[in-house]
Structure formats: structure tokens, C-alpha cells
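A quick write-up on the structure given underneath.
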Amino acid sequence: MPQIVVLGGGYGGVLTAKKLAKQLKKQPDTRITLIDRKPYHTLLTELHEVAAARVEEDSIKIDLKRIFSGFKNVDVVLDEIADIDFDSRQLHGEQGTYHYDYLVIGTGSKPTFFGIPGADQNAFTLWSYEDAIRLREHTQNCFREAVKVQNPHKRKQMLTFVVVGGGFTGVEMVGELAEYVQELCKEFRVEREEVSLYVVDMVNTILPILPEKLIRKAERRLGKLGVEIITGSKITEVKADGVVVGDQEIKSRTVVWTAGVEGSELAGSLDVEQKGRRRILTNDKLQVPAYENVYVVGDNIFYIPEGSQNPVPQMVENAEEAAPVIAHNIAADIRGLPKKSYLPTFHGTMVCIGSRYGVANVGLPGMMMKLSGWPAMAVKHLINMWYLFQVCGFNKVYHYALHEFIHVRHNRSFLGGHFAKRSPNFWLVPLRIFAGVMWLIEGSEKLGKMFDDPGRIFLIPAKTVDGTSGASVAAEGAQAAADAVSSASQTVEQTASALPVPHFIKSIVDWSMNLMFYGPHGDYTWLAYVFQGGMVAAEMLVGILLIVGLFTAPAAVVSVAMGVMVWVSGMASQDMLWYMAAGIALIGGSGSTLGFDYYVYPWLKRVWKKIPIVRRWYLYTD
């Protein structure tokens, strides 16, 4: 029984394990074990959002067992691996020893301090979930304590923040921090001019791999946020109360280190050929040359593609492109099929500078687009959602949208606060009940007419001589139109004031009614009777559901749909406008307050999540 061990629950490890599980799902004798020291997968590229309190902390982590809950051939093990014996094919951890036939190393990387004195002891890092929480709490505490300090030098030191590193992580962190301190200044009554923000780097520019045009835009944006950029200056020491940059010392209690990464401790200790900063040399199949059953994914890869002079970059897209190649090659080896080479095609880079602005250079090789502002942020969010869809399907994409656009704080979204959920649902309860009562009255009155004369069709106008219907009805049709709009509107004069319908819509409606509801001699078909009964039943059902607050959102959608149907038929009076407007307002789900939705939806979610296909595709929103 082949044993495949994936070491590391980062971007590369998770994607490799998922793709292996899918490729080998018809081979139940093959087991895949993913080992990590933490029970969750961390979205490292979004750490700055939590560190600056833009989103909730649970938005950047996903439980590993939840990711693989739909795969019977994957086991998730929590352990700290201390050593790998390649000859005996064993991993030795604190909790046990694990045998493998195939091994995928994806232990990721960690910050490197380049031997700069005091950096590892005195600087904050941003390379884990815990780092983000620690930095967020520290920043808030700096403001909390600074307002109580009377010494201006100490106060200034506590309100000075320095980010070392002008790459993507550093720029994203300082941009997010610039927005965060604006809110903290309001909260603690601190003047914004008292706060100093720096991003420093020894190279001559920030974001050096971006085109010059985008670099200048990023610099201008940081300037507007009040960030001072210091480049071309060597960082020589990080102290407990500041950092030495070139020939000046910046006094600060908060120095955030984002200046570079190197391979993890385990990767650096392995007895395999390494290059760069603890990166493992691989061949074109992403195998370790000395051990062909050992593969490397993500930041641990050192591989120079054909035609390139540089090794593949340590970025998420490298992990996303390497994972399917490794999964294919392991599955191919098990089945005795040919392997394929790693030929990465990177689609560019992007960086957000705060929640509302970004720069991006994306596209295909030779066809890159330079984006800034709203389009760049949109691309970044779309790419994040695509990755999350691969990892945890609809469920995580839904929660990402909630965190980024709905449950936003201080309108910190590139969409502003236009989609933020700020109004409590209990304000909609009176409207919900009123709309429900009105629909119930409408349906009840029409039900009475059906009992009085079961053979009468009053919701569909009689076919006229020219074969049309809707707005061009005769007196009998006008009476039917009035019945459909409101039981109180029963005169031909009122039908004349029906809401106008565009000609092209009227033509489509007339065609469909001739097709379904009228016979060759102008008589009604059986579908007309079914439609009339269905409409009356729908009106009463929607009314009842809205009154009791059960399945409020679907009932509101049906309410809007019925209003639209009456309108396009040319029989809608002005009253129908408020039916449709009320339905739109209630789609948000006012039944969660003083309604049965408060009790029913949680129960349905628990039942729904237990269905195998739902768990398999993450079709739930908890």
C-alpha cells in the first residue's frame, strides 16, 4: 500500500495533497498523510490585514482537517518533524515515526536577519498567524500607553513605527499600518502629526521587481498616507528602542522586519544539496536528484527553468504551479506512466497599499498589464478567491467576501462601505410583517374568486383579435389586469395608468403567452389554469412565510419575481412598485430577528453539512 507523506501545510503542501487525493481517489489502497506542526493552514499573504486590524483573525487561517474533510484517502497529522532519514524512508517527529514511499517537502521558509545585530531579538516579524496577532495587539498598546506619557521624547518613540524591507510584504504592511493608525488616532484622541511611519530598505527603491511607472505610483500613495520612504541606506543595528539606518538612528518601540526569508530550520538541516538561502536543489521533475522519490514544493524549491537565469521565485504562484506537477509525477510513477517537467508560467505580481489602493503587473509573458487603484485591488481579490476556491471551495470564498466587503471596519475596503452590513435586521421586522400581510390578503381574495368560479381565468387577459395580450387587452383583459395588481383596483380607468413596459419586453411576453396560455382558437390552455393556481398559492405562501419569518430571503426573492412578472405583463399599477422595493429590502434575511429563521437556519446548516456531497465540495456557509 503506497504511503505518500506531504510535509508542511502551507500553500504548496495543501495544494499538492489535494491534487494527489483527487488523482488517486480510485486507488483506495494509496494513503496520503499531511504532517504539520499546526492544525491550520495560514494565508501568509494576508497577514498584514490582521496585523492592522482590517479583518478578523480567523479570516487568515483554515483548519486542515476541514480542508480535507471530503477526502477519505488523506490523513492530517499534527507533529513536529525533527529529522528525515532518506535511506530508510522515515520521518522522525516528537509524536512518532512515519514511513513513506513518496515524500513531498513543503516546510516553507522563515525570516532571515542577515546577521544584523539585534534584529532577531528586537524586531517584530510577520511570518505567522501568531506574528500578526502579536503585532496588532502591540500597536494598539502603543497608543494606549502613549496617551498617558507626558515626556514628549518617549511619547514620540511609542508613536513611531518602522518597517524594514521595501518588498511586497513590507509595503503592504506599512500601507495597512498607515490606515490603522488613522483609526487609532481617532480612538485615542491622538493627532495624526504625532505618528511617524517609515519603510526602509538598503536597495535604491521599493518594490524593485515592478515596472518604474508602478513604483512611482506606489511611492505617491505611501506619501499620501504619511509614510516616509528611506532607500539606499544600510540597516546596521536594531535596538530595543530603535533602528540604525545609514548614519541616522530612528527611535521606535516598533520595528517590523520583512527584509527577507530563508528556508525553514528543518529544510536547512537536511543532508541534500542546497543553494541560495536554504533552498533544496531539484531537477526539472521537482525531485531531489539523489532521492527520486522525494519531491520539493513551494519556497523550498531551488530550480532554474530552462531559458531563465534565476531560480523560481519564493511566491505563492510558484507553489500553485508546482503542486499539480508533483501530484502528476507521483501518480504517474505509481501507475508506471511518464512524468512531466516543471515549466512555470508566472502571471505577474501585485501589491495592495492599504485597503483601497494597489498596483499590479499581471498578464502573460510579453503581454503584461500595468494596473493601479481599483482595478489592481479587484484583480488581487479575484486571485485570492480563486486560490481559496481550490483549497476550500465555495465555503471559504463566501467567508472571504464577508471579511473583505461585508463585515469591514471603518469602510476599509476598495468598495468602501457600500456593501458593509451595518443595519440590524430588527428594523426590517415591521416591513416584513406588513409585506406578508398584504401578499396574504391578495392571495386570499383571489382564492375566493377561484372558489366562486373555478372555470374562470382572471389572472391572464383574454386573447385579442390580433393575437397579442398584456397592455393591449380589451375590457375583460383590463379587469383581469386589475385583479392581478390589487383586489382594490378593479376598474378599467386604473388599468390605463399601469406601469409602462418597454416594447421589446412586451413582445417577448406576448410571444411566450401565445405559446403557453392560448389555444389555436383563442381559448385558454391547461397551463393557464395551472399558472393561475400557482400564482395564487405563491402569493399566499409568500405572505405566510414573511409573516412568520421563515425562509425570509427566498420568500423575498419570490416576492420580487412575482412583482416583475405582473409588471412585464403590462398589468402592474403603481402599488406594485412598493411590493418589489419591499422584497428587495427583505432579501437580506430579516427572519433572523423575531422569526423562525433564527431557529431553523442553524438546524438546517447542521443537517446540510452532514451530507457527503456537501462536505466534499464545501457547499456550506458556517
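Just so it is clear, none of the values below were taken in a lab; they were calculated from the coordinates. Since we're looking at a predicted model, the values are computed, not measured. FYI the Cβ positions are ideal-geometry reconstructions off the backbone, even for glycines, and counts take in every protein chain you see.
In deg cm²/dmol, rounded to 500, what helix-only [θ] at 222 nm does the chain give when every DSSP H run of at least 4 residues adds -39500 (n - 2.57) and the total is split over its residues?
Working: 20 runs with 262 residues, N = 622.
Roughly -13500 deg cm²/dmol at 222 nm, from the helical runs in the chain.
May I ask for log10 I(q)/I(0) of the range 260-303 at q = 0.21, 0.22, 0.25 Å⁻¹, from a Debye sum over the Cα atoms as equal point scatterers with solvent left out?
For the range 260-303, the Cα-only Debye profile gives -0.58, -0.63, -0.81.
If packing is taken as the mean number of other Cβ atoms within 10 Å per residue, what is the order of 316-328, 356-368, highest first? Provide the component values of the computation, followed by the final result.
Values: 316-328: 22.4, 356-368: 17.0.
Top of the packing list down: 316-328, 356-368.
Starting from the range 110-183, pick out the trypsin sites (Lys or Arg not before Pro) whose DSSP state is loop and whose Cβ has at most 10 other Cβ atoms within 10 Å. Can you show the working numbers first?
Working: sites: Arg134, Arg136, Arg144, Lys148, Lys154, Arg155, Lys156; in loops: Lys148.
Passing sites in the range 110-183 are Lys148.
So what's the gap between the Cα centers of the range 1-77 and the range 529-547, to the nearest angstrom?
The range 1-77 and the range 529-547 have Cα centres separated by 47 Å.
Cross-link candidates for Lys285: which aspartates and glutamates have Cα within less than 18 Å, leaving aside residues fewer than 8 places away along the same chain?
In chain and number order, the partners are Asp101, Glu273, Asp299, Glu306, Glu317, Glu320, Glu321, Asp333.
With the cut-off at 1.5 for a/c, could you classify the range 50-148 from its C-alpha gyration tensor as rounded, prolate or oblate? Spell out each step's value before the answer.
Numbers: a/c = 3.56, a/b = 1.70, b/c = 2.10.
It is oblate, given that a/c is not under 1.5 and a/b is not larger than b/c.
If you project the alpha carbons of the range 1-119 onto their three principal axes, what span does each projection cover, largest first, in Å?
Rounded to whole Å, the extents work out to 48, 34, 22 Å.
For each of Trp526, Trp439, Trp127, Trp617, count neighbouring Cβ atoms within 10 Å of the residue's Cβ, then give the residues from fewest to most.
Numbers: Trp526 9, Trp439 27, Trp127 18, Trp617 13.
Going from sparsest to densest Cβ surroundings: Trp526, Trp617, Trp127, Trp439.
If you take every DSSP beta bridge whose two residues both sit in the chain, what share of them, in percent to the nearest 5, is antiparallel? The partial results should precede the final answer.
Values: 37 of 72 bridges.
That works out to approximately 50 percent antiparallel.
Please determine, in degrees from 0 to 90 and to the nearest 10, the orientation of helix 552-568 with respect to the longest principal axis defined by the Cα atoms of the chain, where the helix direction is its Cα long axis.
50
Taking each pair of different alpha-carbon atoms in the range 119-259 once, compute 1/r for the pair, average those values, and report the inverse of that mean as the Kirkwood hydrodynamic radius in Å to one decimal. Don't skip to the answer; put the middle values down first.
On the way: mean 1/r = 0.0657 Å⁻¹.
Across the range 119-259, the inverse of the average 1/r is 15.2 Å.
Seen from all sides and averaged, what is the projected area of the convex hull of the Cα atoms in the range 347-461, in nm²?
For the range 347-461, the mean projected area of the Cα convex hull comes to 13.7 nm².
Between rounded, prolate and oblate, where does the range 361-405 land on the alpha carbon gyration tensor, with a ≥ b ≥ c its root eigenvalues, rounded for a/c under 1.5, else prolate if a/b exceeds b/c? Show your work: numbers first, answer last.
Working: a/c = 5.84, a/b = 1.75, b/c = 3.33.
Here the range 361-405 falls in the oblate category.
Give the span of the chain's Cα atoms along each principal axis, as three whole-Å numbers ordered largest to smallest.
Principal extents (Cα only, largest first): 92, 71, 48 Å.
Only loop residues by DSSP count here, and only those with at most 15 other Cβ atoms within 10 Å; note down the GluC sites (Glu not before Pro) in the range 22-89 that meet that. Before the final figure, lay out the partial values.
On the way: sites: Glu46, Glu49, Glu56, Glu57, Glu80; in loops: Glu56, Glu80.
Within the range 22-89, the qualifying GluC sites (Glu not before Pro) (loop, at most 15 other Cβ atoms within 10 Å) are Glu56, Glu80.
Excluding same-chain residues fewer than 8 positions from Lys609, which lysines have a Cα within less than 17 Å of its Cα?
Lys65, Lys72, Lys396
Highest mean first, how do 394-405, 549-560, 530-541 rank when packing is the count of other Cβ atoms within 10 Å averaged over residues?
549-560, 394-405, 530-541
Can you grab the distance from the C-alpha centre of the range 93-147 to the C-alpha centre of the range 354-397, Å, no decimals?
26
Search the structure for amide H atoms under 5 Å from the amide H of Val6, placed 1.01 Å from N in the peptide plane, and list their residues when 5 or more places away or on another chain.
Thr33, Leu34, Ile35, Val104
If you build the Cα gyration tensor of the range 552-601 and take the root of 5 times each eigenvalue, what three semi-axes come out, in whole angstrom, biggest first? Mind showing how you got there, number by number?
Numbers: eigenvalues 131, 18, 8 Å².
In descending order the semi-axes read 26, 9, 6 Å.
Listed highest first by mean packing, meaning other Cβ atoms within 10 Å per residue, what order do 563-570, 28-35 come in? Walk me through the intermediate numbers first.
Working: 563-570: 20.9, 28-35: 19.4.
Output ranking for 563-570, 28-35: 563-570, 28-35.
Taking the Cα centre as origin and putting +1 on Lys and Arg beta-carbons and -1 on Asp and Glu beta-carbons, what dipole magnitude results for the chain, to the nearest 20 debye?
Details: 63 positive and 64 negative charges, 44 e Å.
Dipole of the chain, to the nearest 20 debye: 200 debye.
Take the eigenvalues of the Cα gyration tensor for the range 505-622, scale each by 5, and report the square roots as semi-axes in whole Å, largest first.
Values: eigenvalues 234, 73, 34 Å².
Over the Cα atoms of the range 505-622, the ellipsoid semi-axes are 34, 19, 13 Å.
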